[in-house]
Amino acid sequence: MMKLKNILANFKKQFLSISKHPYFGFIVLGLVFLFALLLRNMGLLTISVINTFTLVMIYSVVAMGFSLLLGFGGLASLGTAGLVGLGSFIMGYMHGKAGISFTATIAIAIGVALVVGLLVGFISLRIEGMYLAIITLGLGEMLRQFFISYDTFTGGFTGTSLRSFQIFGKLFESGNDNYFNTVYIIIIICFILAMVATINIIKSPTGRALLSMKNSESAAQSMGISIIKYRLLAFVLSSVFAVLGGALYILHTKFSYPPQWNLSYSLDILAAVIVGGAQSIYGIIIGVFLIFGLKVSVLNYIPFFSNNPALIVIFNGVLIVLVVMFYPGGLIRLLQTSWYKLKIKLAKLKMKWRTYRYGKDDQ
């Protein structure tokens, strides 16, 4: 019996040690999404629930990149939609039509994202605040017009489709569970890797440099931080995450058309980051679910909202106003504060119980 107690005590100690690692929560979240797929294949979850989870993961990848730009770099951008669309069309054309391998297509997409990120980064060196947002908005609209005009690359107004993809020499064609399950697992892996990359950047000297640049560029320069370097880096990272999100999007939906990559999408990503918390990965995921997932999984099935789609936009707007007014740090700050208060109350209740059970002298 004592040996068993020692084993359990050691297991508990090791588990608590592992659970404190920042990657632990990411792995658990990925396993939860994977378990949801298992339930769906067993017929216990509907396809709409899995689609909601998939879109939340894809848009969270995009939002994590945007949080590095806005939440840590303090740089506003309204061109996110164009970059996500660019990633989807690169995947659709390069891999779907031109027959370039999956890994090579991802490499090309990252290369294009680097070029676009550097271009916007150089422009941002002379522009700040609202004017930078307007410039990035112009870039997003230019990309959208490019998508519409060059129909060889994007399919024009009709868009482009991706009905199959090949990875590691194996072909997956849409219309069967094998394709759906494989894409879902790929998205989970990319989602976890994006969270790992984001937390590493945040906790590294790069994250601290971005945050100091956001708080005060003059103070950052006085400490030897290169504003040019970190502005460019912020835009490059944001662009890479957005383009990868676009590639994952067309893998899941199997379709992308230019009009959908408009200002409204960029504003939704901005709203998700602000509502959830621009400096928290879990906050970003919460924000993405409220802005995107809630609409797909709940609001679209309520007749009042489905008959009046504009009210969903109003709902998002009211949510943003309330969060900005009462919880500037995002809903994650509210949850953290509530959890802290709950822990204090539980500790007090435990103390009262011990006092009642053992008396004051035994405290």
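Brief remarks on what is shown
- Residue within segment 249-256 that is open to solvent by less than 30 Å² (accessible area, probe 1.4 Å), touching a helix residue (DSSP H, G or I) at 6+ places or on another chain (Cβ under 7 Å), closer than 14 Å to Ser67 by Cα and touching a residue at least 40 places away in the same chain (Cβ under 8 Å) present: no
- Of the helices (runs of 4 or more DSSP H) lying entirely inside segment 8-104, those carrying at least 2 residues that are open to solvent by 50 Å² or more (accessible area, probe 1.4 Å) and not hydroxyl-bearing (Ser, Thr, Tyr) are 22-41, 47-67.
- When Leu244, Leu319 are screened for being aliphatic (A, V, I, L, M) and at pLDDT below 95, only Leu319 passes.
- Listed by first and then second residue, the pairs linking a residue in segment 134-156 that is over 16 Å from Ala242 (Cβ atoms) to a residue that is among the basic types (Lys, Arg), with Cβ atoms under 7 Å apart and 6 or more places separating them unless they lie on different chains, form an empty list.
- Among the residues making up segment 271-290, those that are touching a residue at least 60 places away in the same chain (Cβ under 8 Å), in a helix (DSSP H, G or I) and among the aliphatic types (A, V, I, L, M) are Ala272, Val273, Ile281, Ile284, Ile285, Val288.
- The criterion of at least 3 residues that are surrounded by 11 or more Cβ atoms within 10 Å (Cβ to Cβ) is met by the following helices (runs of 4 or more DSSP H) wholly inside segment 291-363: 294-297, 310-326, 331-358.
- Test: Leu233 is open to solvent by less than 40 Å² (accessible area, probe 1.4 Å) and either part of a helix (DSSP H, G or I) or touching a Ser or Thr at 6+ places or on another chain (Cβ under 9 Å) (or both): no
- Pairs linking a residue in segment 204-221 that is closer than 16 Å to Phe66 by Cβ to a residue that is of a type in the set (S, T, N, Q), with Cβ atoms under 6 Å and 6 or more positions apart or on different chains, do not occur.
- The set of residues from segment 124-152 being modelled with pLDDT under 85 and either in contact with a Leu (Cβ under 9 Å, 6 or more places away or on another chain) or open to solvent by less than 60 Å² (accessible area, probe 1.4 Å) (or both) comprises Ser124, Leu125, Ile127, Glu128, Gly129.
- Leu263 falls short on exactly one of the conditions (1) of a type outside the set (D, E, K, R); (2) modelled with pLDDT under 90; (3) within 30 Å of Lys97 (Cα to Cα); (4) touching a Phe, Trp or Tyr at 6+ places or on another chain (Cβ under 9 Å), and that condition is (4).
- Yes/no for Gly155 being more than 18 Å from Leu263 (Cβ to Cβ) and crowded, with 18+ Cβ neighbours inside 10 Å: yes
- Filtered by the rule that a residue be out of contact with any Gly (no Cβ under 7 Å at 6 or more places or on another chain) and more than 16 Å from Gly73 (Cβ to Cβ), segment 224-257 gives Gly224, Leu248, Tyr249, Leu251, His252, Thr253, Lys254.
- Close pairs (6 angstrom Cβ cut-off, 6 or more residues apart or separate chains): without any contact (Cβ under 8 Å) to a residue 40 or more places away in the chain in segment 77-100, surrounded by fewer than 24 Cβ atoms within 10 Å (Cβ to Cβ) and outside any helix (DSSP H, G or I) anywhere: Met94/Ile100
- Asn178 being within 22 Å of the chain's Cα centre (by Cα), over 15 Å from Gly73 (Cα atoms) and free of Cβ contacts under 8 Å to residues at least 60 places away in the same chain: no
- Here Ile202 meets each of (1) modelled with pLDDT of 90 or more; (2) over 26 Å from Gly117 (Cα atoms); (3) among the β-branched types (Val, Ile, Thr) with one exception, condition (2).
The values are calculated or read from the model by the stated rules, or taken from the named source; none is laboratory data. Note that this is a predicted model, so its numbers are computed, not measured. When we count neighbours, we look across all protein chains shown, and the Cβ atoms used for this are built from the backbone with ideal geometry, even at glycine. The area values use the complete protein model at the heavy-atom level, side chains included, leaving out ligands, DNA and RNA. Shrake-Rupley method; radii C 1.70, N 1.55, O 1.52, S 1.80 Å.
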